[in-house]
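Some notes on the structure that comes next.
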Amino acid sequence: MQLGLRMTEFRSRMNRAATPPGAPWSWVWRGGLVALCIVFAFSTQLLFQLDLYANWPLPDILLGWLDHLMDQLIVGGCIFAAVALASLLPMKTSAGRHGLMLVSIALGALAGEALLMLRLPLPQDVSVAAVLFAKSVRWMAIGALAYAFFVFRRQAEHAAAQVHDSDLQRVQIDLQMTQARLQSLRAYIEPHFLFNTLANVHRLYRTEPERGRAMLANFIAYVRAVLPQIRHDQTTLRQDVELARAYLDVLQVRMGARLQVRFDVPDELAALPFPPLALSTLTENAIKHGLNPLPEGGAIEVTARLANGHLTVGVADTGAGLRSSSGTGGGLANLRARLAALYGDAARLELEANVPRGIRATISVPLKAPAAEIA
């Protein structure tokens, strides 16, 4: 149930992220809408000149306002067109982009006011350049303020998008960890393992009660070790070693002399953080693909070392060795995905041939806290 809810949340957030807020064409129509609002607001200044209502009839005032609105639309349209065309030009730096936008606003204002002067020529004794510059400066200031608003708004949306992406990444990591826990739980307490263990306990209690009691105690220890790890994103090396040891103890009673186990994990490394069920995945893979195919079985050695700021944990077996499917199983693929989600490129899972035969699987994780904890 919880996994289904997390999947639904993840998909809905991914769908919302499919259309980024900073898409170019969305800014074009938004800019056009803002420009239209600015033009309309400035055109209404005429309607607030109260002395006009004392000297002119209302229809004439409205016609004058419409004529004034048309003038504003011409200038505003020229500025918007210049900015829209400038936004299509590629710029390598943000400073260059801002400079280009401000120049386009100035050119658009000059072009718009020039068109108005062609529509309504000035008296001959009036300096065209002075009037053109004076009227354009007002529009330059208005355009620069509007552009500054857009820049700050876009930066705010970009920051929100980054937070959104980070949130999506956390949800994805959480989802992967939930899937990993469920898959690991199915892998280790799956029906055939449970039934085989209980059947062996039942048989041994009738034939060899001492071994039966030992196997039941090992199985209880295993269940007690695996359940807490299902609920946590991060455990310690000691906890994962205890889980792997309990799992191998159960199988050792069942397999007898076919399974030899050796642990070489220094006590000073036991308290270091380690991804849950990672070591158990390697031991399960060694049993399933390494020792089970061989009638004589083999040996498994678990080691842990600390070097160059990384904790390296290895599982070596003397089983069937590397095959085409050894590194592509679902358990190892899932483990690689979990390591990548938690540590990025800082963690590694490597498979190599063991000497004289078998496979050595090694996990190397950094000592720093994983990305999931930092977030």
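The values are calculated or read from the model by the stated rules, or taken from the named source; none is laboratory data. These figures come from a predicted structure and were not determined experimentally. For neighbour counting, all protein chains shown are included, and Cβ atoms are generated from backbone atoms with ideal geometry for every residue, glycine included. These accessible areas exclude ligands, DNA and RNA; they are computed on the full protein's heavy atoms, side chains included. Shrake-Rupley method; radii C 1.70, N 1.55, O 1.52, S 1.80 Å.
Which of the trypsin sites (Lys or Arg not before Pro) found in region 65-119 are in a DSSP loop and have at most 14 neighbouring Cβ atoms, other than their own, within 10 Å?
Details: sites: K92, R97, R119; in loops: K92.
When the trypsin sites (Lys or Arg not before Pro) of region 65-119 are filtered for loop state and at most 14 Cβ neighbours within 10 Å, K92 remain.
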Query raised in the report: Could you give the nm distance between label points at V131 and I220, where each point is 7 Å from its Cα heading toward the beta carbon?
Result: 10.2 nm
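When only C-alpha pairs under 8 Å and at least 6 residues apart count, what is the relative contact order of region 234-296, in percent?
Details: 47 pairs, mean separation 33.7, N = 63.
Relative contact order, region 234-296: 53 percent.
Ignoring ligands, DNA and RNA, what percent of the 1.4 Å accessible area of region 280-363 is carbon and sulfur? Could you put the intermediate results ahead of the total?
Numbers: 1900 of 3610 Å².
C and S atoms contribute 53 percent here.
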